[in-house]
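**Student:** The structure is given below, and queries will be raised subsequently.
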Amino acid sequence: MFAVPEDFSAYQKAQFDTFLKFADTASQAAEQWFDLNVKSAKATANEVVKQVRALADARDVQELASLQATFSQANAEKATGYARAAYAWMSETQAELSKLMDSQFADTSKSLAAAIDKAAKSAPSGSEYAFAAVKQAVSSANQAYDAICKASKQVVELTEATVANTTSSIAPATTRKKAA
């Protein structure tokens, strides 16, 4: 006999728990993003005040030009630092959500396979081919999902490598400008 209310209740509870995990991850990510931006805004405001005071205290045009060059360099480095921090936040959040999605997909696949097997046992004879077709379709969908996940992970790795190469090439360029 089929225990539909108990199975359905367990399914609803599992879905609600998954929703809570996603909500918790999203709220933590939003909190981190807010914290990063508030700290960056505060530091930027303090730095702007210092720079404006220093520019106002400049005694001649040469000192003013020197201060502007120094501040431009420092501001570019700070902007690069912010971009790195934002990218790190984004990568971490994406990894957490991806992990949750993978877990949810695996659980759903297992539940679906168990439900198909349970239904096949109580189905009339002659329906084996229909259940075999359904199992094959589910298997194909799982394989497609795995292929998409592997491809997206490769894209993420390639993007991370590109960002790392770009930022590492920017840092020496800004250092050379300081030396000049």
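The values are calculated or read from the model by the stated rules, or taken from the named source; none is laboratory data. The structure displayed is predicted, hence computed values, not measured ones. Cβ sites come from the backbone with ideal geometry, for glycine too, and all protein chains shown count toward neighbours. Each accessible area value is taken on the protein alone, full model and side chains, heavy atoms only, with ligands, DNA and RNA left out. Shrake-Rupley method; radii C 1.70, N 1.55, O 1.52, S 1.80 Å.
**Student:** Which one of Q94, A114, Y82 has its Cα pushed farthest toward the positive end of the charge dipole of the chain, where Lys and Arg give +1 and Asp and Glu give -1 at the Cβ?
**Tutor:** Y82
**Student:** Counting residues in segment 30-92 as N, plug N into 2.2 N^0.38 Å and put the Cα Rg over that result.
**Tutor:** That ratio works out to 1.40.
**Student:** While we're looking at this one, here's another question. By how many nm would the segment from T108 to K150 grow when fully extended, if each residue of separation counts as 0.36 nm and the alpha-carbon distance is taken off?
**Tutor:** 13.2 nm
**Student:** Keeping every protein chain present and rolling a 1.4 Å probe, give me the accessible area per residue for the chain in Å².
**Tutor:** 74 Å²
**Student:** As an exercise, use a Förster radius of 45 Å and the Cβ-Cβ distance of A56 and T159 to find the FRET efficiency, rounded to the nearest 0.05.
**Tutor:** Plugging the Cβ-Cβ distance into 1/(1 + (r/R0)^6) gives 0.55.
**Student:** To continue, here is another question. Size of the dipole of the chain about the Cα centre, Lys and Arg at +1 and Asp and Glu at -1 on the beta carbon, nothing else charged, in debye to 20?
**Tutor:** 520 debye
**Student:** Report, ordered by chain and residue number, the lysines lying within cross-link reach of K150, taken as a straight Cα distance under 25 Å and ignoring same-chain residues fewer than 8 apart.
**Tutor:** Those lysines meeting the cut-off are K21, K99, K110, K135.
**Student:** Using 0.36 nm per residue, how much length does the chain from V48 to V134 gain when fully extended, once their Cα-Cα distance is taken away?
**Tutor:** Going from the current span to full extension adds 24.5 nm.
**Student:** Helix 128-179 sits at what angle to the longest principal axis of the chain, using alpha carbons and giving 0 to 90 degrees rounded to 10?
**Tutor:** On a 0 to 90 degree scale, this one is about 10.
**Student:** Carbon and sulfur: what percent of the chain's accessible surface (1.4 Å probe)?
**Tutor:** For the chain, the apolar C and S fraction of the accessible surface comes to 64 percent.
**Student:** Put +1 on the Cβ of each Lys and Arg and -1 on the Cβ of each Asp and Glu in the chain; which of L55, T44, C149 then has its Cα farthest toward the positive end of the dipole?
**Tutor:** Positive-end residue among those listed: L55.
**Student:** Using helices alone, what [θ] at 222 nm do you get for the chain, with -39,500 (n - 2.57) per DSSP H run of 4 or more residues, divided over all residues and rounded to the nearest 500?
**Tutor:** -34500 deg cm²/dmol
**Student:** In nm, to one decimal, how far is the K99 label point from the K78 one, both placed 7 Å along Cα→Cβ?
**Tutor:** Label-label distance for K99 and K78, simple model: 3.4 nm.
**Student:** With Cβ to Cβ distances under 13 Å as the rule, what net charge do the other residues near D57 carry (K, R +1; D, E -1)?
**Tutor:** Local charge sum for D57: +1.
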